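Working notes for the structure below.
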Amino acid sequence: MGTIEMYYYFFYKLYKITLTGRIKSLASWWAGVLIMGLEASLLLSFYNYYEVFVDRNAELKLLSAKVLIPVAAIFIINHFAFDRTEVWKDYAARFDRWPRKKNQKGSWIVGIIIGLMVLNLVFSYYLMSLNSPYIGSDYQ
């Protein structure tokens with residue numbers, strides 16, 4: 001399985017999860033939001049590691065190039081991959097034809113990846129808290 005196919009499979013699994021909601025017509029939109037949130041959390045954890053290990057004085061401002069460029073890149077990639085074209089539906093139809101056992105294994109892999117991404121973000125914040133000048137000091 002290539003990288004693009006894995007990306008579409010990840011989206012497909014999130015789509016299947018959100019398809020169980022009340023408004024089925026928004027399932028692909030919610031799957032896109034979830035995938036963008038996971039990508040943003042991955043980038044944020046990388047920034048946190050950068051701050052911990054390279055530049056302890058780094059500052060992250062919402063309206064800066066450090067934030068806006070990656071967010072725009074995530075949005076543009078997802079727009080072209082899922083919204084602009086409906087190629088993901090062809091992949092979804094192909095994934096629906098996979099054997100049940102193969103799809104279950106894929107579900108576990110996607111779940112583990114999501115769990116690792118969340119743990120990675122939490123761990124990066126934990127490391128930041130250890131390096132904080134305000135924790136464990138008499139700062140007032």
query: With respect to Tyr7, is the statement that it is over 16 Å from Asp90 (Cα atoms), of a type in the set (Ser, Thr, Tyr), part of a helix (DSSP H, G or I) and open to solvent by 30 Å² or more (accessible area, probe 1.4 Å) true?
result: no
query: Has region 11-20 got any residue that is in a helix (DSSP H, G or I), surrounded by 16 or more Cβ atoms within 10 Å (Cβ to Cβ) and of a type in the set (Lys, Arg)?
result: yes
- request: Would you mind finding the one in Asn57, Asn48 that is more than 24 Å from Gly115 (Cα to Cα), polar (S, T, N, Q) and more than 14 Å from the chain's Cα centre (by Cα)?
  value: Asn57
statement: Picked from region 38-58 (must be small (Gly, Ala, Ser) and open to solvent by less than 40 Å² (accessible area, probe 1.4 Å)), the residue nearest to Phe82 (Cα to Cα) is Ser41
- request: Please indicate, with yes or no, whether at least one residue in region 30-37 is open to solvent by less than 100 Å² (accessible area, probe 1.4 Å), under 20 Å from Val122 (Cβ atoms) and either of a type outside the set (A, V, I, L, M) or part of a loop (DSSP other than H, G, I, E, B) (or both).
  value: yes
message: Residue under question is Phe75, and the condition is that it be exposed (fewer than 13 other Cβ atoms within 10 Å of the Cβ) and at pLDDT below 90; does it hold?
response: no
- request: Considering (1) modelled with pLDDT of 90 or more; (2) touching a Phe, Trp or Tyr at 6+ places or on another chain (Cβ under 9 Å); (3) loosely packed, with under 11 Cβ neighbours inside 10 Å, say which one Ile112 fails and leave the rest.
  value: (2)
- prompt: Hey, among Lys61, Lys89, which residue is modelled with pLDDT under 85 and either in a loop (DSSP other than H, G, I, E, B) or open to solvent by 90 Å² or more (accessible area, probe 1.4 Å) (or both)?
  reply: Lys61
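The values are calculated or read from the model by the stated rules, or taken from the named source; none is laboratory data. This one's a predicted model, so the numbers in the text were calculated from it and none came from an experiment. Note that we place each Cβ from the backbone using ideal geometry, even for glycine, and neighbour counts take in every protein chain shown. We work out accessible area using only protein heavy atoms, side chains counted, and drop any ligands, DNA or RNA first. Shrake-Rupley method; radii C 1.70, N 1.55, O 1.52, S 1.80 Å.
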